[in-house]
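Report on the following structure.
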Amino acid sequence: MSQIINPFGKDVLSVSTELCGKTLKFEINRVGFRSSASVLVSYGDTVVMGTAMVGKKPVQMDYFPLSIDYEEKMYAAGKISGSRFIKREGRPSEEAILIGRIIDRPIRPLWPKGYRHEVQGIASVLSMDPAFRPDMLAMIAVSTALSLTGSPFEGPVAGLRVGIDKDGNYKAFMSTSEYEESKLDLVVAGTESGVMMVEAGANEVSEKEVVDAIAWAQEAMQPAIALQKELVEKVGVTPVEYDLVKPDEEIMESVAKWADGKLGKKLRKDYPERNAMIDEIREEMHEHFESEIGEEEYHEVKHQYSEALYMALHTDARKGIVEEQVRPDGRKMTEIRPLSSDVGFLPRAHGSSIFTRGVTQAMNIVTLAPLSYSQIVDTMERDTERRYMHHYNAPGWTLGEVKRLMGPGRREIGHGYLAERAIYPMLPAEADFPYAIRSVTEIMSQNGSTSMAATCSSCLALMDAGVPLKRPVSGIAMGLMLDGDKPYILSDIADAEDFAGDMDFKVTGTEKGITALQMDMKVHGLPTDILALALEQGKAGRQEILQHMLEVISQPNSEMSPYAPRVESIKVHPDKIREIIGKGGEMIQKITAETGTEIDIKDDGTVMVASPDKAKIDAAKQWIKGITDDPEVGVIYKDKPVVSVMDFGVFVQILPGKDGLVHVSEMSEERVSKPSDLLKEGDKVTVKLVAIDDRGRLQLSMKAAARENK
């Protein structure tokens, strides 16, 4: 292989280490010459390019303009898209968006407050080893690229996806089939000193198993972190100068002084009243400083005064919790906001619910359909079908904001996926409940933890729809505030506590164990012993919310909505599938048209028939049974049509596509001279199959059938 010539005269540089039993390799100066930094990360046959771009000057924004993207390249898996019309990669798949979020979440907190330079990190999968997923290598690639830019990124970070193997051991870089068999699919991201992010789907695992897995992953990822630091040192990365956009200290002091005596205990009200009081305080503050400074001059700095009040409210919330263990709305540390719920309130929906917790409210609607309505998933990693879909919508008015209605963003997709993972392990097997299920959460009002409200509302609506869940699922959002090394853990956090806190931790589960969790840190890493405390406190909160849900609906409805399709299945030999379909689909089209049903056929010979009308399902099943059943000697076939009349007898169709001969001598006890004297085409007769010859020809008898019917 020839050596790549770097146009800037730099030598290709590589470093490597052992990570979970394989060689992890970083290589720079080989590609991406004009980026701020780029790196090729190799592990097995997987190669991911991490690219970073950092703006030279800060931009005028009131937030950190960081974007992280994960690019799936179909060629990396040796595939061309299965779509008939689109072969080029277009907008990212939902899976790619979710992986981009996973990479973003541990990286975003590791920048100085007030940093406003535009930063972009891109992970592009160039080659994919099918033995394991490339997402964690993508996280390592982006972290490495950012570390090489010289920007004030306080990493590096690394991540591992961990499962539990058949021997009960924790293992990273498992295959897709191994993760499907594992009761835990856990992503952990962290720095050298602590955990930054956790996300998991699980099949009722215990809190201890989760904590142990997090600790195992944190230890196992350290070689990847050390290798990033080694590369940075080898390159001799020079820190780049930067500017921070910070609030004016005089403004901060002025607002804090003005707000003194207006916050604290006076604001400890339920959130509707508290939010209204804050709005009044904000308006009063603006009026005060506008009259003091002058309208025109104040207009230029008004946003800084708003930010200063925002910070004062955060400080006040933290002070109340740390000093008095009293939360902004007056709740105790473990207290859940008031709960109220309802089910079955939408008459035409297959299942519906409203779940309300404080000011946060979620409405969920469940729709059932035959399995043919499952979503086809065609990505770099997977070609499969998605039977259960949870979609989450939260328009601006749910926050009291004027906002254009647009398609779902990364947040909406992420929240929907978390609620989907929470319920998925409790769904009935496809064979027991052969339906595609779409669950849509429409957020009605937001004040923290809407993804957990989505989980609870979807569980209620699924039970209302008659979906036989193994066990009901509830969810809760936990918060944390650190005062030095002392943690203060909060159950069921609202917006004020989330914005002022150091951790956002969501956990879902049944009475038997955890089904999903998601944790994001806002400080630089967290020890696992604090995570263990949060999980234990969350378990009690989940149980309290679950008890409320069971008081609304204690078990799935035994009867489905009259507007939901009924799906019944029959099993046929796979060789018979082509007979049901017919030439060019003629037979199956005829069955569906005449019975008004929908028919899905699996490769294993499972035939599913769907219709809201039971009689139509029975008619279609009888038709299919007739096509696929083999003629059986000794069976009487009643009211079967004569399909042709010959000089020597008549041919009768006893099953679709299966005709037999009634010889003239077998038509009647009395002598028949000509078959046409007795029968004509279209007449219905009852016959008995008396023999099948060695050529497969059917010999029928009207006489034998008549004798047995006497």
For this session: Taking residue 633 as meeting all but one of (1) out of contact with any Pro (no Cβ under 8 Å at 6 or more places or on another chain); (2) of a type outside the set (Asp, Glu); (3) on the phi > 0 side of the Ramachandran plot, write down the number of the exception.
Result: (3)
Seminar exercise, completed: Of those in region 653-662 that are within 18 Å of residue 627 (Cβ to Cβ) and assigned to a strand (DSSP E or B), the residue farthest from the chain's Cα centre (by Cα) is 660
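Can you confirm whether region 562-575 contains a residue that is exposed (fewer than 14 other Cβ atoms within 10 Å of the Cβ) and touching a residue at least 60 places away in the same chain (Cβ under 8 Å)?
Yes, region 562-575 contains at least one residue that is exposed (fewer than 14 other Cβ atoms within 10 Å of the Cβ) and touching a residue at least 60 places away in the same chain (Cβ under 8 Å).
Residue by residue, here is whether (1) touching a helix residue (DSSP H, G or I) at 6+ places or on another chain (Cβ under 7 Å); (2) within 25 Å of residue 231 (Cβ to Cβ); (3) surrounded by fewer than 24 Cβ atoms within 10 Å (Cβ to Cβ); (4) without any contact (Cβ under 8 Å) to a residue 12 or more places away in the chain holds:
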| site | (1), (2), (3), (4) |
| --- | --- |
| 106 | no, yes, no, no |
| 109 | no, yes, yes, no |
| 115 | no, yes, yes, no |
| 120 | no, yes, yes, no |
| 134 | no, yes, no, no |
| 137 | no, yes, no, no |
| 140 | yes, yes, no, no |
Exercise. Looking at region 336-379, which of its residues are more than 20 Å from the chain's Cα centre (by Cα) and β-branched (Val, Ile, Thr)?
Worked result: 336, 343, 354, 356, 359, 360
For this session: Considering only residues that are in a loop (DSSP other than H, G, I, E, B) and touching a residue at least 40 places away in the same chain (Cβ under 8 Å), look in region 162-179 and name the one that is farthest from residue 211 (Cα to Cα).
Result: 175
For this session: Check off (1) modelled with pLDDT of 95 or more; (2) under 28 Å from residue 269 (Cβ atoms) for residue 286 and give me the number that stays unchecked.
Result: (1)
Exercise. Residues in region 275-283: is at least one under 23 Å from residue 522 (Cβ atoms) and at pLDDT 90 or above?
Worked result: yes
Problem set entry | Residues of region 261-276 satisfying the condition of being part of a helix (DSSP H, G or I) and within 15 Å of residue 359 (Cα to Cα) | 271, 272, 273, 274, 275, 276
Problem set entry | Residues of region 308-359 classified as at pLDDT 95 or above and not in a loop (DSSP other than H, G, I, E, B), total | 12
Seminar exercise, completed: Looking across region 62-90 at residues that are more than 30 Å from residue 305 (Cα to Cα) and aromatic (Phe, Trp, Tyr), the single one that is surrounded by the fewest Cβ atoms within 10 Å (Cβ to Cβ) is 85
Exercise. Does any residue in region 295-310 that is under 20 Å from residue 496 (Cβ atoms) and touching a residue at least 60 places away in the same chain (Cβ under 8 Å) come within less than 7 Å, Cβ to Cβ, of a residue that is among the aliphatic types (A, V, I, L, M) and part of a helix (DSSP H, G or I) six or more places away or on a different chain, and which pairs are these?
Worked result: 308/251; 308/252; 308/255
Seminar exercise, completed: Exactly one of 182, 151 is among the small types (Gly, Ala, Ser), over 21 Å from residue 214 (Cα atoms), crowded, with 18+ Cβ neighbours inside 10 Å and in the same structural domain as residue 107 (by TED's automatic domain parsing), and that one is 151
Exercise. Pick from 687, 650, 643: which is more than 60 Å from the chain's Cα centre (by Cα), in a strand (DSSP E or B), at pLDDT 90 or above and not charged (D, E, K, R)?
Worked result: 650
Exercise. How many residues does region 384-443 contain that are assigned to a loop (DSSP other than H, G, I, E, B), in contact (Cβ under 8 Å) with a residue 40 or more places away in the chain and among the acidic types (Asp, Glu)?
Worked result: 1
Seminar exercise, completed: Here the qualifying pairs (Cβ atoms under 6 Å; residues six or more apart or on different chains; first in region 65-93 and part of a strand (DSSP E or B); second of a type in the set (A, V, I, L, M, F, W, C)) come out as 66/119; 68/103; 69/122; 70/96; 70/99; 70/123; 70/138
Exercise. Can you tell me how many residues in region 1-29 are in contact (Cβ under 8 Å) with a residue 24 or more places away in the chain and farther than 26 Å from residue 131 by Cα?
Worked result: 5
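Condition check ((1) in contact with a strand residue (DSSP E or B) (Cβ under 8 Å, 6 or more places away or on another chain); (2) among the small types (Gly, Ala, Ser); (3) modelled with pLDDT under 90) across all residues:
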residue	(1), (2), (3)
573	no, no, yes
579	no, no, yes
584	no, yes, yes
589	no, no, no
593	no, yes, no
618	no, no, no
622	no, no, yes
625	yes, no, yes
Exercise. (1) within 18 Å of residue 470 (Cβ to Cβ); (2) assigned to a helix (DSSP H, G or I); (3) touching an Asp or Glu at 6+ places or on another chain (Cβ under 8 Å); (4) of a type outside the set (A, V, I, L, M, F, W, C): which one isn't true of residue 557, the others all being true?
Worked result: (2)
Exercise. Of the residues in region 186-201, how many are under 18 Å from residue 419 (Cβ atoms) and either in contact with an Asp or Glu (Cβ under 7 Å, 6 or more places away or on another chain) or surrounded by fewer than 21 Cβ atoms within 10 Å (Cβ to Cβ) (or both)?
Worked result: 3
Exercise. Taking the condition over 52 Å from the mean Cα position of the chain (by Cα) and either farther than 30 Å from residue 374 by Cβ or of a type in the set (Phe, Trp, Tyr) (or both), does residue 630 pass?
Worked result: no
For this session: Evaluate region 114-127: report whether one residue or more is among the hydrophobic types (A, V, I, L, M, F, W, C), part of a loop (DSSP other than H, G, I, E, B) and at pLDDT 95 or above.
Result: no
For this session: All but one of (1) at pLDDT below 90; (2) loosely packed, with under 14 Cβ neighbours inside 10 Å hold for residue 298, so report the exception by its number.
Result: (2)
Exercise. Looking at this structure, is residue 618 free of Cβ contacts under 8 Å to residues at least 12 places away in the same chain, part of a helix (DSSP H, G or I), within 28 Å of residue 437 (Cα to Cα) and not hydrophobic (A, V, I, L, M, F, W, C)?
Worked result: yes
Exercise. Given the structure, is residue 42 among the polar types (S, T, N, Q), part of a loop (DSSP other than H, G, I, E, B) and not assigned by TED's automatic domain parsing to the domain that holds residue 386?
Worked result: no
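Does residue 613 meet the test of being buried (at least 18 other Cβ atoms within 10 Å of the Cβ), farther than 23 Å from residue 696 by Cβ, in contact (Cβ under 8 Å) with a residue 12 or more places away in the chain and not hydrophobic (A, V, I, L, M, F, W, C)? It would help to see each step written out before you state the result.
Numbers: buried (at least 18 other Cβ atoms within 10 Å of the Cβ): no; farther than 23 Å from residue 696 by Cβ: yes; in contact (Cβ under 8 Å) with a residue 12 or more places away in the chain: yes; not hydrophobic (A, V, I, L, M, F, W, C): yes.
Judged against the criteria, residue 613 is not a match.
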Seminar exercise, completed: Taking region 155-179 and keeping only residues that are at pLDDT below 90 and surrounded by 21 or more Cβ atoms within 10 Å (Cβ to Cβ), one is left with 155
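The values are calculated or read from the model by the stated rules, or taken from the named source; none is laboratory data. Quick caveat: nothing in here was measured; it's all calculated off a predicted structure. All Cβ positions, even for glycine, are placed from backbone atoms using ideal geometry, and neighbour counts span all protein chains on display.
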